[in-house]
1. How far apart, in nm, are two points set 7 Å out from the Cα along the Cα-to-Cβ line at Lys42 and at Asp63?
2. For a quick check: sort Tyr132, Tyr44 by the number of other beta carbons within 10 angstrom, fewest at the front.
3. For Leu33 and Glu89 in one chain, what is 0.36 nm times their gap in residues minus the Cα-Cα distance, to one decimal in nm?
4. Can you sort Arg60, Arg13 by how many other beta carbons sit within 10 Å, fewest first?
5. Please list, in chain and number order, the residues 5+ apart from Gly10 or on another chain whose amide H is under 5 Å from its amide H, with Hs placed from the backbone.
6. Please report Lys59, Lys81 as a ranked list, fewest other C-beta atoms within 10 angstrom at the top and most at the bottom.
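Any read-out appearing in this document is the output of simple, stated calculations on the displayed coordinates, not a laboratory observation. Here the structure is a predicted model, which means the values were calculated and not measured. Neighbour counts run over all protein chains shown; Cβ positions are idealised from the backbone, glycine included.
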Amino acid sequence: MARIMAIDYGKKRCGIAVTDTLQISANGLDTVLTENIFKFLKEYLTNEDVETLVIGEPKRMNDEPSAVEEQIKVFIRGVEKRFPKINVEREDERFTSKMAMQSMVQGGVKKKKRREKELVDKVSATLILQSYLGHTL
């Protein structure tokens, strides 16, 4: 079975998570500078079989798209052009950064480590992927 990958897209960084090959568990993979995301995807997708790419959909409390949504749409068009065989899905990502912080606190991650934005982005991508998997089971 192919993996499912999730991306928490941001203006500076993208958090990345993937499933195991049985698509049972979501695991944080990496955090990549947004300017390097296509290079990372090309390298990863050359070595791993990924069938679906889940991209976080940031919304405001009133369900309107957030300011970064236009950049995400440009990113999605780039993904569809470069990797046409990969299915692209969206998943609501409201509160994932807050939930990521809470899960790190509950998991005993030290305060200094929790300040690392890269870790928050990677955990957020994992939460997006877990949410997506919860809808597909």
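1. Taking the two extended label points, one gets 4.0 nm.
2. Tyr44, Tyr132
3. 18.0 nm
4. Ascending Cβ contact count within 10 Å gives the list Arg60, Arg13.
5. Sorted by chain and number, the residues that satisfy this are Gly15.
6. Values: Lys59 14, Lys81 8.
Going from sparsest to densest Cβ surroundings: Lys81, Lys59.
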